[in-house]
Structures are given as C-alpha cells and as structure tokens.
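J.: The structure under discussion is supplied below as structure tokens; questions concerning it will follow.
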Amino acid sequence: MIVTPYSAGCGALVSGIQLATLSDNELTELRAAFAEHGVLFFRDQDFPPAQHLEFAERFGSIVVNKFFKATSEFPKIAEVRKEKTQQTNIGGGWHSDHSYDDIPAMGSILVARTLPATGGDTQFANLAAAYDALSPLLKKRIANLRAVHSNEHIYGENGVYRHTDLAEQLGGMDRVGDATHPVVITHPESGRKVLFVNPGHTIQFEGWEFTESRTLLDELYAHVNQPQFTCSFNWLPGSVTFWDNRCTWHQAKNDYQGQARLMHRITLAGSALTAG
Ligand code: SIN
C-alpha cells in the first residue's frame, strides 16, 4: 500500500490496494493512514455496492442516515443523488456528517456511481491542522467552550432543503434534533486536538448569545477555509473517498447544472467525543 499526501495540508491518496479484497494487514495499515490523514482518496476501485457494504462492516459499524434515501437493494447505503433537472445538491456547504447526533459519525465512505462530465468535486478541510495553527489567544478563548449542533434548519419543516427541488427525495423531517459537543476535542485515534465546529450544523456556543457566537464562529470558519488546510478531489469512475467526520469538513461543489451525479455513501458510527 502506498500512501501519498494529497495536498500540503489535507488528505492522502492511497494506491496499490483494492478495497474490495483487502487483507487483514492492509486493513491495519489503512486504519493507521486514516487516523493520520483524516481523509483518504482511492482511484480505480472495483467496488460494487455489496463490496462497499462489506468493507464498511469490516472497518466499523454502520449508522444509517435519517434523511437520505437508501438504495433499493441495500438499505444501509444512502444515495447522494442529483438529477440533471435538479438545481440543488446535497451537502453543498461545508459540514461534518451527523455532528448533530449525541455520538457523531466516525466516518463516511463515498463511492462514485454516476458522474458529470465536468465538475462535482468534493472539497475537504483538515480540522486538526487548522486547530494547531490557531493563535494561542484563540486557543485559550475556545478551550472550554461547548457548541450546539443541529439539523433542524436544514432538514426540518422550515429547513433550507424543504423549499428546494431536493425536498422530495429527503425524509425524516420529524426526526430532527440537536446535540452539544466540546468545541475542541481530542481525536480518539490520533490523539490530536481538533476544532469540532462546522458551518453546516453548528448553531452557537452553549450559554452565549446567538450574535456573539456567530462572530467567533465566522472567525473560526474563515481560518479553516484557507488553502493550507483544504483540498478538492476530482472524481473519476472507480474513485472512492473515505473521511473522518471528527477531524474534517467536506462540501460537494454544485458546478455541473444540467448533468446528473449519483454517489453511494455509507456512514460509520463513532464513539462519545472527549474534550481536548
Ligand atoms: C456529502 O455531503 O456526503 C456529499 C458529498 C458529495 O456528494 O460529494
């Protein structure tokens, strides 16, 4: 297995393996690479849905997304679908999957099934590197804070998706909710400190006024969204990405209007987060 940094501060490209037929030793190596890099990219994978599921179950336990439609054959595989007639895409803004759950998802494994001829990259941000680069003053300011994460403003009755052409393919409107988490966590595998807030789901700091929270959150988001912590993955047939939701953000670019894109996603369950 060859693991090469994908960009200066974000992700790694893994080559020389097939995810569908990993040996136990390769799986151990892959776990180490996942803990080190936070997001892994794979090319030229022969990875039908049954093997996608099998790999996910070898790596961890699956948590089914409450809002996305599943594939008809595999209820644990969610579809991230945009038809060529649709304008809105799923996950078009920076977020970490399931941070609104009491126990946020550990990872997500995304497989390309139908790709537009151009566009449709997924962008990632490295939240451990971003934390390390914060000023000592800012680190001190956020050290003991907790933040509220929610999905209601996205998937709820009046959420942003409900008034778009995505609404029909989403369910779970009645299952919205929120959770609070430390703003700085210690990553359970790498032991690194990570900035655990994201623009998609973090609403405000616990016990703070909304506007006061927004000011500091916007400052943190602007810090993360810099070239040294981010990268963009261009999908090709056979591409797979596997990211850790505890230490990355991602967003799907919506720059392929008039073309279809279908991805299959499996989300892996995490464990309770520990303050950093
Ligand atoms: C997601 O947010 O999981 C979707 C990412 C993508 O479609 O690229």
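The values are calculated or read from the model by the stated rules, or taken from the named source; none is laboratory data. Bear in mind that the values here come from a model prediction, so they are computed numbers and not experimental data. Neighbour counts are summed over all protein chains in view; Cβ atoms, including those assigned to glycine, are modelled from backbone coordinates with ideal geometry. Side chains included, ligands, DNA and RNA excluded: accessible areas come from the protein's heavy atoms. Shrake-Rupley method; radii C 1.70, N 1.55, O 1.52, S 1.80 Å.
J.: So which residues in region 183-214 are open to solvent by 40 Å² or more (accessible area, probe 1.4 Å), within 22 Å of GLN251 (Cβ to Cβ) and out of contact with any helix residue (DSSP H, G or I) (no Cβ under 7 Å at 6 or more places or on another chain), if there are any at all?
T.: ILE203, ARG214
J.: Which of the residues spanning region 46-61 are under 19 Å from ALA112 (Cα atoms) and open to solvent by less than 40 Å² (accessible area, probe 1.4 Å)?
T.: Selection gives PHE47, PRO49, HIS52, LEU53, PHE55, ALA56.
J.: It is to be established whether one or more residues within region 247-256 are more than 15 Å from the ligand (Cβ to nearest atom), among the hydroxyl-bearing types (Ser, Thr, Tyr), modelled with pLDDT of 95 or more and open to solvent by less than 30 Å² (accessible area, probe 1.4 Å).
T.: Checked against the condition, which is being more than 15 Å from the ligand (Cβ to nearest atom), among the hydroxyl-bearing types (Ser, Thr, Tyr), modelled with pLDDT of 95 or more and open to solvent by less than 30 Å² (accessible area, probe 1.4 Å), region 247-256 yields no hits at all.
J.: Follow-up. Give the residues of region 111-127 that are under 14 Å from GLY38 (Cα atoms) and either β-branched (Val, Ile, Thr) or open to solvent by less than 10 Å² (accessible area, probe 1.4 Å) (or both), sorted by residue number.
T.: Of everything in region 111-127, those that are under 14 Å from GLY38 (Cα atoms) and either β-branched (Val, Ile, Thr) or open to solvent by less than 10 Å² (accessible area, probe 1.4 Å) (or both) turn out to be PHE124, ALA125, LEU127.
J.: If I go through region 262-276 residue by residue, how many of them are open to solvent by 10 Å² or more (accessible area, probe 1.4 Å) and within 12 Å of the ligand (Cβ to nearest atom)?
T.: 3
J.: Suppose we filter region 78-97 for residues that are more than 9 Å from the ligand (Cβ to nearest atom) and open to solvent by less than 10 Å² (accessible area, probe 1.4 Å); how many remain?
T.: 1
J.: Across region 237-246, what is the number of residues that are among the polar types (S, T, N, Q) and away from the ligand (no atom under 11 Å from the Cβ)?
T.: 0
J.: Counting only residues that are of a type in the set (Gly, Ala, Ser), in contact with a Phe, Trp or Tyr (Cβ under 7 Å, 6 or more places away or on another chain) and within 17 Å of ALA78 (Cα to Cα), how many does region 102-141 have?
T.: 3
J.: Continuing with this model, one more query. Looking at (1) open to solvent by less than 10 Å² (accessible area, probe 1.4 Å); (2) within 21 Å of THR202 (Cβ to Cβ); (3) in contact with a Leu (Cβ under 7 Å, 6 or more places away or on another chain), which is the only condition MET106 fails?
T.: (1)
J.: Tell me which residues, restricted to region 1-30, are assigned to a helix (DSSP H, G or I) and surrounded by 18 or more Cβ atoms within 10 Å (Cβ to Cβ).
T.: LEU19, LEU30
J.: Determine which member of the set ASP174, ASP121, ASP102 is modelled with pLDDT of 95 or more, away from the ligand (no atom under 13 Å from the Cβ) and of a type in the set (Asp, Glu).
T.: Sole residue among the options that is modelled with pLDDT of 95 or more, away from the ligand (no atom under 13 Å from the Cβ) and of a type in the set (Asp, Glu): ASP102.
J.: Next question. Restricting region 129-147 to residues that are open to solvent by less than 10 Å² (accessible area, probe 1.4 Å) and assigned to a helix (DSSP H, G or I), which is nearest to the ligand (Cβ to nearest atom)?
T.: So, considering only residues that are open to solvent by less than 10 Å² (accessible area, probe 1.4 Å) and assigned to a helix (DSSP H, G or I), the one nearest to the ligand (Cβ to nearest atom) is ALA130.
J.: A follow-up question, please. Which of the numbered conditions does ALA33 fail, given that it passes all the others? Conditions: (1) touching a residue at least 24 places away in the same chain (Cβ under 8 Å); (2) among the aliphatic types (A, V, I, L, M); (3) open to solvent by 20 Å² or more (accessible area, probe 1.4 Å); (4) over 17 Å from THR122 (Cβ atoms).
T.: (3)
J.: Residues in region 212-236 that are more than 15 Å from the ligand (Cβ to nearest atom) and more than 17 Å from the chain's Cα centre (by Cα): how many?
T.: Number of matching residues: 14.
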